[in-house]
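Visitor: Let me begin by handing over the structure; questions about it come next.
The values are calculated or read from the model by the stated rules, or taken from the named source; none is laboratory data. None of these values were measured; they are calculated from a predicted model. Neighbour counts run over all protein chains shown; Cβ positions are idealised from the backbone, glycine included.
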Amino acid sequence: MEVLIRANAEAGCILGAKIIARVVREKPNAVLGLATGRTPERLYQELIRLHRDEGLDFSRVTSFNLDEYVGLSGEHDQSYRYFMRETLFRHININQARTHVPDGTAADLHAECRAYEEKILAAGGIDLQLLGLGRNGHIGFNEPTGSLRSRTWVKILSEQTLRDNSAVFGSFDQMPRHALSMGIGTILDTRRCLLLAFGPPKARAVEQMIEGPLSAMCPASALQLHPRATVIVDEASAAGLHYTDHYRWIDSHKLDWQKYD
Ligand code: GLP
């Protein structure tokens, strides 16, 4: 795992956007896996700026989002489809027909999950998957103790996740209890993963993900098996790590072609 420690979330998001922009410049028809949540918002703002000011072209990009709440249509202001449209898609020149978010209102949710996996395959697989990190170590909506080989499926949200997300959602009681989410197996099949985690509430999950044992107790630790996973943290979320000197050493001894900034 490549661990990049930056001073704060702002610097981490700018770096993350730079990494994604490089992928899109090198492969204009790249397939991006996207994430929701508070963490990537600043990164998306930076992608919008790069599009506006530097002509970053998304016209041939395809995207697949990680997850969606069951029962919420794309018009619901708490749905992830709505979030993506308002936070990123309508500000860049991506073809909305090539943006994919699981349909949480599908009559047959299992068929929707299978079809989502097939669409990813038909698009040639995901070149880069952006990820946030749940306070309990979840990625997508893959909660602790779930299978580390799972595919896109209906996931039951843990009580902790409901509590964490209800701050944004407005109410604990109105939050959906289920979501469709890419599985850990789906995420591990992507060519590259880029996970962002900032702030003190993520410190424990960051430590378990990077230095803890590979365990379904921390689903994000499955990234230890990924051939190309990059994790961007800030000083606060890195506070629980034991090998920060090592990560900084590696970061400062990169060959020119391995450097980001
Ligand atoms: C949510 C999402 C995840 C996200 C995580 C962290 O439940 N399903 O994809 O990464 O929780 O959210 P935040 O970035 O708001 O802390």
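Visitor: So, in the range 72-94, exactly how many residues are away from the ligand (no atom under 15 Å from the Cβ) and in contact (Cβ under 8 Å) with a residue 40 or more places away in the chain?
Guide: Qualifying residue count, the range 72-94: 3.
Visitor: Going by the structure shown, is residue 172 without any contact (Cβ under 8 Å) to a residue 40 or more places away in the chain, aromatic (Phe, Trp, Tyr) and either surrounded by fewer than 17 Cβ atoms within 10 Å (Cβ to Cβ) or at negative phi (or both)?
Guide: Details: without any contact (Cβ under 8 Å) to a residue 40 or more places away in the chain: yes; aromatic (Phe, Trp, Tyr): yes; either surrounded by fewer than 17 Cβ atoms within 10 Å (Cβ to Cβ) or at negative phi (or both): yes.
When the stated conditions are applied, residue 172 passes them.
Every residue, every condition in (1) farther than 22 Å from residue 203 by Cα; (2) away from the ligand (no atom under 11 Å from the Cβ); (3) modelled with pLDDT of 95 or more, yes or no:
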{"residue": "125", "(1), (2), (3)": "yes, yes, yes"}
{"residue": "133", "(1), (2), (3)": "no, no, yes"}
{"residue": "137", "(1), (2), (3)": "no, no, yes"}
{"residue": "147", "(1), (2), (3)": "yes, yes, yes"}
{"residue": "151", "(1), (2), (3)": "yes, yes, yes"}
{"residue": "154", "(1), (2), (3)": "yes, yes, yes"}
{"residue": "160", "(1), (2), (3)": "no, no, no"}
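Yes/no per residue for (1) of a type outside the set (Lys, Arg); (2) closer than 18 Å to residue 130 by Cα:
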| site | (1), (2) |
| --- | --- |
| 10 | yes, yes |
| 42 | no, yes |
| 52 | no, no |
| 98 | no, yes |
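Visitor: Which one of these is away from the ligand (no atom under 15 Å from the Cβ), acidic (Asp, Glu), under 16 Å from residue 180 (Cα atoms) and under 17 Å from the mean Cα position of the chain (by Cα): 117, 143?
Guide: Numbers: 143 fails: away from the ligand (no atom under 15 Å from the Cβ).
Within the list 117, 143, the selection yields 117.
Visitor: If you don't mind, there's one more thing I want to ask. So if I check each of 191, 163, which one is basic (Lys, Arg) and assigned to a helix (DSSP H, G or I)? Break it down into steps so the answer makes sense when it comes.
Guide: Numbers: 191 fails: assigned to a helix (DSSP H, G or I).
Residue meeting the stated conditions: 163.
Visitor: Go through the range 178-201 and report how many residues are within 15 Å of residue 140 (Cα to Cα) and either within 13 Å of the ligand (Cβ to nearest atom) or surrounded by 20 or more Cβ atoms within 10 Å (Cβ to Cβ) (or both).
Guide: Here is the first cut: in the range 178-201, the ones within 15 Å of residue 140 (Cα to Cα) are 178-190, 193-197.
Filter again for either within 13 Å of the ligand (Cβ to nearest atom) or surrounded by 20 or more Cβ atoms within 10 Å (Cβ to Cβ) (or both), leaving 178-184, 186-187, 190, 193-197.
Selection size over the range 178-201: 15.
Visitor: While we're looking at this one, here's another question. Can you tell me which residue in the range 52-71 is farthest from the ligand (Cβ to nearest atom), limited to those that are over 11 Å from residue 103 (Cα atoms) and of a type in the set (Gly, Ala, Ser)?
Guide: So in the range 52-71, the residues over 11 Å from residue 103 (Cα atoms) come out as 52-64, 66.
Next, only the ones that are of a type in the set (Gly, Ala, Ser) stay: 55, 59, 63.
On the way: 55: 29, 59: 26, 63: 14 Å.
Taking the candidates together, the pick is 55.
Visitor: Away from the ligand (no atom under 16 Å from the Cβ), among the aliphatic types (A, V, I, L, M) and within 30 Å of residue 200 (Cα to Cα): is that true of residue 48 in this structure?
Guide: Values: away from the ligand (no atom under 16 Å from the Cβ): yes; among the aliphatic types (A, V, I, L, M): yes; within 30 Å of residue 200 (Cα to Cα): yes.
The answer is yes for residue 48.
Visitor: Filter the range 210-220 for residues that are more than 12 Å from the ligand (Cβ to nearest atom) and not in a strand (DSSP E or B); which is surrounded by the fewest Cβ atoms within 10 Å (Cβ to Cβ)?
Guide: Going through the range 210-220, the residues more than 12 Å from the ligand (Cβ to nearest atom) turn out to be 210-218.
After this cut, where a residue has to be not in a strand (DSSP E or B) as well, the list is 210-214, 216-217.
On the way: 210: 25, 211: 15, 212: 18, 213: 9, 214: 13, 216: 17, 217: 13.
By that ranking, first place goes to 213.
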